[in-house]
Amino acid sequence: MKKSLAALFVFAFLTNNSFAQIPETVSASDILLRMKKLDILGSVLYIAAHPDDENTRLLAWLSRDRLYRTGYLSLTRGDGGQNLIGDEQGIELGLIRTQELLAARRIDGADQFFSRAYDFGFSKTTAEALQIWGEQKILSDVVWIIRNFQPDIIITRFPEDKRAGHGQHSASSVLARMAFSAAADPKQFPEQFAYGVHPWQATRLFWNNYNFGSVNTTREDQLKIEVGGFNELMGKSYGEIAADSRSQHRSQGFGVPHSRGSTIEYFTLTEGEKADSALMQHIDYSWNRVANGAAIGKMIEQMIEKYAPASPHESLPALADIYKSIKALPAGYWRDEKLKETQDLIQYCSGLYLEATVSAAYALRNQTIPVTLQIINRSPASISVNNVRLNQQDSSWNLVLKPGVNYSVVKKISLRNTPISQPYWLVEPMSPGSYNVHDQTLIGKPRNPADLVAVFEIRISGESLSFEQPVYYKYTDPVKGERFEPVTIVPSQMAYCDPSLLVFSKNSEKELTVRKQEKTAQHDEEENSVFHPAFLSSQKRPATAASTVSLTPIPGFQSTEVSGSENSLDFLLKPVRIENMNSATWVTRTGNGITDTLLQCRTISYDHIPRIDYFKPASSTVVSVNLKTAGQRIGYIEGAGDRVSDALAAMGYTVIKLNESNITATMLNSLDAVMTGVRAYDVHDWLAGKYSVLMEYVRNGGNLIVQYNRNLGLDTTGIGPYPFGISNARTTEENAPVRFLLPAHQVLHYPNEISDRDFDGWIQERGIYFAQHMDPKYQAILSMHDAGEADQNGSLIIGDYGKGKFTYTGLVFFRELPAGVPGAYRLLANIIALNKQKK
């Protein structure tokens, strides 16, 4: 907790602080900074493609130094990137990176926005990105956000050409330029005007030039701005704030050191009025830009002059007068924004603490739950509470708040007709390159509005104000102390499938168990309950003919319910024919003549972000593949996070997890193959120290398979028996033709005959971080390339060493195997069998 000048702390929840930490502390110096910001009526919107693309130093400087309202629009949620901290991919990675961006914005002070664009993976052209996203769809999102945010200036991170290094990067700038004009055109997306927005013309559009390694787009004749200053009220430089902000991108491994001292940012004007000295040149961002606003500006200046850090409550009368004056202005963007800022300052200066909490993280929809309301007046100011509304349900609570007294009351809240807590962009089925959201008011928001909200009607300094407080789950961790987490509204019944991936080959049959999730805690005699997602265990009993839970049919399979209980059902799945295909079976429930799909609650939990819950159909991926394997025991060294080891187990291998302590000659000699997870050499410093024992294993007849790493360079000595480099080369087109360079090589024939058909149905990409500059002792097996590019031969290289085999592969098995791509299973089985003799 940070001290103010007089050790006075004002404790307040902010609406953007839904995270698993102690709520933000607003100190006396913070209040002064926010008072200064109240006097500034300027706004800047920064636009790029992904989480971690933003210039956090510039955002911090714009928000904390120039005090503009600053926003970052990331077109995607980063769904297609790599994950350094876990095995989540796709929409789950996007959920993580959304929260990481919100954590970053809490530090640098900017607002966060997203479009509906989905990060479909690395793209080499602007045209591809725009085509897959749906150019007009995402353009409409950018226009909508501009019309809502009303930026004076817009800044893009990237150029519109190949210097951007990524098709989605360049596409973000193309869309920003198009939206710059379209947002001001009443003929463009006129359906938006029904939701209260109006055409908006920003004054100018800049490109924020950069010097990234070998790409230097800066010139001395560009607009130059010094952003390396020191914020005395915060006690940090903007380089330090930026580093703390950027280091929130933990799933990408973007922790960076603090920087201090002078830093110059460069800008090129793309559209709009010329500027040669300042970003906001000739733009009036004082209160003079609002009709009758000059007097309000003077009131704010006088309040700042008289501000007493040791007793912020003395500013309440001035804030009340400012609030009245702003409220009397005609409706408009700055009236509404500054009214909210003033109300927040009233809360901070009054020392008013508001809290609404429940004792469990999960609540069943359509039930009634108790909510504990807490309110404390921590100043000498006269404050009273009139009533509180919980999810539109009024509850009288008339009392005058004596200073320092903790007032608490428990109110019951009905969740009748409350929807489940599904992230709004996941409610509707996706299009191939974008999310579908038909509620226009939600587009652009980083997350859902709070499911449960308490609205406190408070009277302070003669003004009646409504303070919204999200309802949180509050608990005490024995190590971390008091914690606040979101409350998740869940369906009355949920289920999940075990296992979630089943791989069938000839003459195989396997059991699939469906487990139901039930409410576990009773709160009153009326069976109102709070749910915790613990799966109830019970003894198996013979199945009954009246079971209301079943599996959807799978083409080519027979499914038979073999046993069950109140809380779980076992099904035997047997293939009728093997077709090299993948499908899914999901769990349905039938009652009252209606059949619906049961949902599974998926939870993602990391210390640096709030707990994430989302819902998907309870299902299992089923792979039917003509698959043969050789060898049984596979040692797996986990890397940055993937689900390859689960797929290996589904293929029938015995998987032994290897780590620093058990990678010994004795252990390795018991294994048919050893495989490293993605980026294992990047994340485990100790792995380099295992080089000798791993090479001895290979020399004695073992088989070492290394999945992609990012140790870019010409020489990766310490990974393979002979030198090779790792490049940034990749094949991003998932349907790119694959050519067999060595068609007679064993890896293409044993134990499975590999053909072009085995590369059908791949998702997102073929491979990444291909080998380069290979020693002649390595053999390149495959060649592939994206349209218009030269062949890439480093996706799969194999070398003989002693009696054994070494393989490096950039093929994205970590994506294809969980997705159930049959050919990926067959090719991986052949790589695992390289040290086996063809029978």
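The values are calculated or read from the model by the stated rules, or taken from the named source; none is laboratory data. This one's a predicted model, so the numbers in the text were calculated from it and none came from an experiment. Don't worry about glycine lacking a Cβ; one is built from the backbone with ideal geometry, like all the others, and counts go over all protein chains shown. Note: accessible area is taken over every heavy atom of the protein model, side chains too, but ligands, DNA and RNA are not part of it. Shrake-Rupley method; radii C 1.70, N 1.55, O 1.52, S 1.80 Å.
Ordered by residue, what ³J(HN,Hα) values in Hz, to whole numbers, does segment 735-740 give under the Karplus form 6.51 cos²θ - 1.76 cosθ + 1.60, where θ = phi - 60° and Gly and Pro are x?
Once θ is set to phi - 60°, the couplings for segment 735-740 become 10, 4, x, 10, 10, 8 Hz.
In the chain, what % of DSSP beta bridges are antiparallel (nearest 5)?
Details: 119 of 166 bridges.
Of those bridges, close to 70 percent are antiparallel.
Could you give the distance between the Cα centres of segment 125-190 and segment 262-312, to the whole Å?
If you average the Cα positions of each part, the centres end up 27 Å apart.
Take every Cα pair under 8 Å in segment 290-398 that's 6+ residues apart, average their separations, divide by the length, and report that relative contact order as a whole percent.
Reported relative contact order: 19 percent.
Any chance you could list the semi-axes, whole Å, largest first, of the equivalent ellipsoid that the Cα gyration tensor gives for segment 225-373, using √(5λ)? Please report the intermediate quantities before stating the final value.
Values: eigenvalues 220, 174, 75 Å².
Semi-axis lengths for segment 225-373 are 33, 29, 19 Å.
Relative contact order for the chain: what is it in percent, counting Cα pairs under 8 Å that are at least 6 residues apart?
The value is 10 percent.
Please report the antiparallel percentage of the DSSP beta bridges confined to segment 584-728, to the nearest 5.
Expressed as a percentage, antiparallel bridges in segment 584-728 total about 50.
Write out the GluC sites (Glu not before Pro) in segment 639-747 meeting two conditions: DSSP loop, and at most 13 other Cβ atoms within 10 Å of their Cβ. Each step should come with its number before you reach the end.
On the way: sites: GLU660, GLU696, GLU733, GLU734; in loops: GLU660, GLU733, GLU734.
The qualifying sites are GLU660.
Using helices alone, what [θ] at 222 nm do you get for the chain, with -39,500 (n - 2.57) per DSSP H run of 4 or more residues, divided over all residues and rounded to the nearest 500?
Numbers: 16 runs with 164 residues, N = 839.
Rounded to the nearest 500, it is -6000 deg cm²/dmol.
Could you state the number of Å between the C-alpha centres of segment 43-108 and segment 546-571?
If you average the Cα positions of each part, the centres end up 44 Å apart.
Given the C-alpha centroids of segment 109-123 and segment 664-737, what is the distance between them in whole angstrom?
Taking the Cα centre of segment 664-737 as reference, the centre of segment 109-123 is 33 Å away.
Show the residues, 5+ positions off or on another chain, whose built amide H is closer than 5 Å to the amide H of GLU54.
So GLU54 has HN proximity to no qualifying residue.
Please identify the GluC sites (Glu not before Pro) of segment 204-235 that satisfy two criteria: DSSP loop assignment and at most 10 other Cβ atoms within 10 Å. Which are they? Write out the running numbers ahead of the final one.
Numbers: sites: GLU220, GLU226, GLU232; in loops: GLU220, GLU232.
Sparse-neighbourhood loop GluC sites (Glu not before Pro): GLU220, GLU232.
Largest first, how would GLU566, GLU463 line up by accessible area (1.4 Å probe)?
Largest accessible area first, the list is GLU566, GLU463.
What FRET efficiency, computed as 1/(1 + (r/R0)^6) with R0 = 51 Å and r the Cβ-Cβ distance, is obtained for ARG699 and ILE304, rounded to the nearest 0.05?
0.10
Taking 0.36 nm per residue of separation and subtracting the Cα-Cα distance, what length does fully extending ASP477 through THR372 add?
Full extension of this stretch gives 35.9 nm more.
Along Cα→Cβ, 7 Å out, is where each label goes; now give me the distance between the ones at GLU511 and GLU220 in nm to one decimal.
About 7.7 nm separates the two model spin labels.
Kindly flag which residue pairs out of LYS306/LYS402; LYS36/LYS411; LYS657/LYS805; LYS628/LYS657; LYS274/LYS324; LYS574/LYS616 have an alpha-carbon separation exceeding 32 Å in this structure.
Numbers: LYS306/LYS402 26 Å; LYS36/LYS411 39 Å; LYS657/LYS805 20 Å; LYS628/LYS657 23 Å; LYS274/LYS324 38 Å; LYS574/LYS616 25 Å.
Where the Cα-Cα span goes over 32 Å, the pairs concerned are LYS36/LYS411; LYS274/LYS324.
Over 23 Å between Cα atoms: which of LYS777/LYS803; LYS510/LYS838; LYS37/LYS187; LYS236/LYS445; LYS298/LYS338 fall into that group?
As for pairs spanning more than 23 Å Cα to Cα, those are LYS510/LYS838; LYS37/LYS187; LYS236/LYS445.
With a 1.4 Å probe and all protein chains kept in place, how much accessible area does LYS838 have, in Å² rounded to the nearest 10?
130 Å²
Please list, in order along segment 395-404, the HN-Hα scalar couplings obtained from phi with the Karplus expression 6.51 cos²θ - 1.76 cosθ + 1.60 (θ = phi - 60°), rounded to whole Hz, x for Gly and Pro.
Once θ is set to phi - 60°, the couplings for segment 395-404 become 8, 6, 7, 8, 6, 8, 8, 6, x, x Hz.
So what is the relative contact order for segment 37-93, in percent, with contacts set as C-alpha pairs under 8 Å and at least six apart?
Computed value for segment 37-93: 35 percent relative contact order.
Search the structure for amide H atoms under 5 Å from the amide H of GLY272, placed 1.01 Å from N in the peptide plane, and list their residues when 5 or more places away or on another chain.
Residues meeting the amide H criterion: LEU205.
Calculate one ³J(HN,Hα) per residue across segment 679-685 by plugging θ = phi - 60° into the Karplus curve 6.51 cos²θ - 1.76 cosθ + 1.60, and present them in order as whole Hz with x for glycine and proline.
Taking θ as phi minus 60°, the curve returns 6, 4, 6, 6, 9, 10, 4 Hz for segment 679-685.
How do SER396, SER170, SER384 stack up against each other in accessible area, from largest to smallest, with a 1.4 angstrom probe?
The ranking, largest first, comes out as SER396, SER384, SER170.
For segment 287-374, what are the per-bin percents of Cα-Cα distances with bins 10 Å wide, up to the bin holding the maximum?
The distribution over segment 287-374 is 14, 36, 20, 17, 11, 1, given as percents.
Order ASP79, ASP276, ASP672, most accessible first, counting only protein heavy atoms with a 1.4 angstrom probe.
Details: ASP79 0, ASP276 125, ASP672 35 Å².
Per-residue accessible area, sorted high to low, gives ASP276, ASP672, ASP79.
Grab the beta carbon distance between GLU660 and ASP775, set R0 = 41 Å, and tell me the FRET efficiency rounded to 0.05.
Efficiency for this residue pair is about 0.90.
Name the long-range amide H neighbours of LEU599: under 5 Å, sequence gap of 5 or more, or other chain; modelled H, no Pro or chain starts.
Long-range HN contacts for LEU599: ALA495, ALA618.
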